[in-house]
Structures are given as C-alpha cells and as structure tokens.
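Everything below concerns the one structure shown next.
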Amino acid sequence: MKNRPLPVIIVSALFIIAGCVGFIYHIKDFYAPNVQLNGLILIQLTRILAIVCGVLLLFGVNWARWLAIGWLAYHIVISSLNSTSEMIAHILFLIIVSILLFIPVTSAYFKSKNKSKEVLKVE
C-alpha cells in the first residue's frame, strides 16, 4: 500500500497539533513565579513525544502505533488525578485512536511499510 490511509493522517495530525499547541501553551509556565522546573520539563517532553509520535505515524513506523496508545494511556492516568470528565474524555480518545490505528486498512499500511524496509536490508 503506497498511499497513506485517511485514519493515519487524521490521528497523526491530531497528535502533531496536540503536541504543538500544548508545547506552546506551557512555554509561559517557565516564566511563572515558583515554577517547578522538573515537572514543567516532563510536561514539555510529553508534548514533544506527541509530535514525534505523529510524525512517525505518518512515516509508517509500526511501533509508533503503540507509542500513541501508551501516550494516551499515560494521559488517562494523569487526567484521573484532575477530574472524572477529563479521564472519560481521554478514555474515549484512546478507544477512537485504537480503532483508527488498528483497522485493517491501517494495519495493511504499517505492514507494507515494514516489509519494504526488510527488502531494503536483504538487498
């Protein structure tokens, strides 16, 4: 499969946008009084991880699907500390993203990308 399936494009775009928006939003926190630098750096690293995940999904890297699932699972745990509604929203996102990344058309896309890499190694 040479063309990127629409579900991969949608999920990738959402991860890239969420990462960029979150990263930009939290930059102002570096200038806040009494900032907890370690926590803020961890927050920014998770935003960068979302961007990297989105880019890797676009390139058809198979393990990036699991990285996306793990990123959302991490956000479920974090949001459970804030409110039930945030946790439920992240659970719904996890379900939707999981379905989109593992439906047959996207699985075929990621498998075809892995096989093309194997052929390159053998030759």
| remark: Log entry, pairs with first residue in segment 50-67 being within 21 Å of residue 23 (Cα to Cα) and touching a residue at least 24 places away in the same chain (Cβ under 8 Å), second being buried (at least 18 other Cβ atoms within 10 Å of the Cβ) and among the hydroxyl-bearing types (Ser, Thr, Tyr), beta carbons closer than 6 Å, six or more apart or on different chains, reads 54/12; 57/12; 58/12
| Pick from segment 91-123 the residues that are at pLDDT 80 or above and not hydrophobic (A, V, I, L, M, F, W, C): which of them is farthest from residue 74 (Cα to Cα)? | 112
| query | Within segment 88-105, can you find the residues that are without any contact (Cβ under 8 Å) to a residue 12 or more places away in the chain and surrounded by 15 or more Cβ atoms within 10 Å (Cβ to Cβ)? | reply | 96
| query | If you check residue 93 against the conditions, is it among the hydrophobic types (A, V, I, L, M, F, W, C), under 17 Å from residue 16 (Cβ atoms) and assigned to a helix (DSSP H, G or I)? | reply | yes
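The values are calculated or read from the model by the stated rules, or taken from the named source; none is laboratory data. Since the structure is predicted, the reported quantities are computational estimates derived from the model, not experimental observations. Cβ: placed from backbone, ideal geometry, glycine included. Neighbour counts: every protein chain shown.
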